[in-house]
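Read the figures in this text as sums done on the coordinates, not as results from a lab. Not measured: the values here are computed from a predicted model. Ideal geometry is used to build each Cβ from the backbone, glycine not excepted, and the neighbour counts take in all protein chains shown.
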Amino acid sequence: MSAMNLKAISQAYQQSVPNRTRRTIRKTLVASVFVLPGMVVFFVFLLLPMIESAQFGFYKWDGLGPLEDYRGLDNYKKAFDHDVFQTAIINSFRIMGLSLIIQLPVAMLLALMVGRGNLPGRRVFRLLLFLPYVFSEVITALIWRYVMHPTDGLLNWFLGHSVPGYDNVGWLAEKDVVIYSVFIVLTWKYFGFYMILYMAGLQGVPKDLEDAARVDGANIVQVLSRITLPMMGSTVRLTVFLSVLGAFQQFVLVWVLTGGGPVNASQIMGTYIYKFGIKSFNLGYGAAVALILFSITLVFSIGYQRMILHQDFASDVSL
Amino acid sequence: MQTSESFSFKRMSNGQRFFTLLKYAVLIFLVMMIIGPIIMVVLAGMRTNGEFQSRPFDIPRGEIQWGNFTGILESDTFWVAARNSFYITAAVTIINLSLASMLAFAFSRLTFFGKGIIFNILSFGLLFPTVVAILPIFLQIRDLGLINNLWGVIFPMVAFGLPGSVIILRSFFIAIPNELEDASYIDGCSTFGFFRFILMPISRPALMAVATLNVVGAWNEYFLPLLILNDPNKWPLPLGIMQFQGQYGTDWARVMAYVGILMVPAIIFYLFTERFIVTGLTGGELKG
């Protein structure tokens, strides 16, 4: 919009509308200079393609020809009938559950140990425990492919030398084991992130309050469960939210680590969409499954925000 | 710091001593789990493949295999990939930071029509997993003719990063006192002047935090380049190492050497920017 235009518009309004409205419009014009560039990029490269793709789910389409083979809800039926899709959903929920009951408590325990207090070396521990966060998913997955190699890997070598009578485990090769191995690698890379969030939350717990409880005879478990953890409520609620979303949004690490195998035993939602939608040129099918995944995360986030997170944030912040 | 008393093992009761030792035992065990695989990578690269496979974790007993590293560092493909990674990371970070700070300024300190709705639409973007959005984005990039073009990777990455960056910066901008803004307007500053000459300079910690998170994300991105860049000369490092791994998959020592080389800049960057990453992730609450 040119300066001439702005001037003409503002003059036209000067004669016709009351002062308050005029100021609002002027403010909106100023704001649009700040808002438009970013929102245009967001709209063109993310939002618009996402909205358009909702319709692909109703077609059989390889992504090349015209969009004309309308199939109604067939793609959705096909997905729910596909046993690998069921495995993928169950695995995503498994990763979610394991993250909540193992990853978050471990992160909390570490935050309590090195997040504050006077333990010598706690900064070094924090630095090292958080380190994997900067490594790419590709590097992480490659390292662990070798660590978890069935015969020559570091993990079996280590366990074989320290556990008497240990038999090599095919961490990434056995159907019943692989998803837990995937979880170990995810934990290795991401638990530091939650530890850091908990450390930040701990700064909001007044030390005096805990000391007072100790003086009154509370033991360490009581102090933790009655004072420290409840006072970190908002951080805990936030990490649960991020952890659940993260579990459903995983892709690259699992793809490079296992490719969803062996025999699809470690497929999760992300790798399923890539393998059966994009890689096999069933773009319509991929879009349908992507919409299912998106609906799961959307329903969860809206529900979680309405019911749980709203107590922590002002109403205009919807994370 | 909340605690003022200094650490003294001597003054502790036996129970406290046991508890402290237990803490160290747990911490050292977990740190070994974290850095064990990293040390393995370095040791693997320094030995021959046969040595690595028979003893995954061992110091080099024969000659150190510098060739594993120099072979990679002397190849053109490595440096082409490094250059591409550098371009992508720099562009994503600069564009994301510019657009996000403008947006965050508008959402935190300006009033305009539709502010709440637009902000909600933007934060909605946090919910799109890459794997869900990748297919529509791929089609859009194809329609725009940006396949095999670094910009076709850069702009979607900027769009992906915007919601998070804006939310971090906005909470920081909101905390800046209104008096500062009022004073600058009374002194004749325009809205743009306040943004450029007052808000930006005093927000440096937050801007550094967002920039750092962007650098980590862009440097590590694998999926978008995988779909959008077909020409190996355009590939960034995460694709480069996967191609290398495809070629030398059975020569573990070489692949680990490549991994080790890629870890060096990541670790150096981490040591210098750890506090910014932490600020960005925690909204500045974690210090010390």
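Results, tabulated for the structure shown:
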{"item": "Only Lys, Arg (+1) and Asp, Glu (-1) charged, at Cβ; the protein assembly as shown dipole about Cα centre in debye", "result": "1280"}
{"item": "The stretch B:42-144: GluC sites (Glu not before Pro) falling in loop per DSSP and having at most 14 other Cβ within 10 Å", "result": "B:GLU63, B:GLU74"}
{"item": "Kyte-Doolittle mean at least -1.0, axial Cα span of 27 Å or more - DSSP H helices of chain B", "result": "B:14-45, B:76-109, B:150-174, B:252-282"}
{"item": "Reachable lysines from A:LYS27, criterion Cα separation under 26 angstrom, eight or more residues apart if same chain", "result": "A:LYS7, B:LYS115"}
{"item": "Mean residue ellipticity (222 nm) of the protein assembly as shown, computed from DSSP H runs ≥ 4 via -39,500 (n - 2.57), nearest 500", "result": "-21500 deg cm²/dmol"}
{"item": "Per-residue average of Cβ from other chains inside 10 Å of B:117-130", "result": "6"}
{"item": "Rounded if a/c under 1.5, otherwise prolate or oblate - chain B, Cα gyration tensor axes", "result": "oblate"}
{"item": "Calculated FRET efficiency for the pair B:PHE86/B:ASP143, C-beta based, R₀ 30 Å, to 0.05", "result": "0.60"}
{"item": "The stretch B:14-64: C-alpha gyration tensor shape, a/c 1.5 cut-off, then a/b vs b/c", "result": "prolate"}
{"item": "Check: the stretch B:14-64 dipole with +1 on Lys, Arg Cβ and -1 on Asp, Glu Cβ, in debye", "result": "240"}
{"item": "Distance violations [Cα-Cα > 23 Å] among A:LYS189/A:LYS279; A:LYS189/B:LYS234; A:LYS77/A:LYS279; A:LYS78/A:LYS189", "result": "A:LYS189/A:LYS279; A:LYS189/B:LYS234; A:LYS78/A:LYS189"}
{"item": "Electrostatic dipole magnitude of the stretch A:34-125 [Cβ: Lys, Arg +1; Asp, Glu -1; Cα centre; debye, to 20]", "result": "780"}
{"item": "Span per principal axis, largest first, for the Cα atoms of the stretch A:74-311 (Å)", "result": "65, 51, 29"}
{"item": "Net lengthening on full extension, A:LEU36/A:GLU68 (0.36 nm per residue, minus Cα-Cα)", "result": "8.0 nm"}
{"item": "Hits among lysines - C-alpha to C-alpha of A:LYS207 under 21 Å, sequence gap 8 or more where chains match", "result": "B:LYS23, B:LYS287"}
{"item": "Value of relative contact order over chain B, rounded to a whole percent, pairs C-alpha under 8 Å and six or more apart", "result": "30"}
{"item": "Trypsin sites (Lys or Arg not before Pro) within the stretch A:210-319: DSSP coil, no more than 15 neighbouring Cβ in 10 Å", "result": "A:LYS279"}
{"item": "Partner chain coverage, peptide A:25-36 - average Cβ within 10 angstrom", "result": "6"}
{"item": "Amide proton proximity set for A:TYR59, modelled H, under 5 Å, gap of 5+", "result": "A:ARG71"}
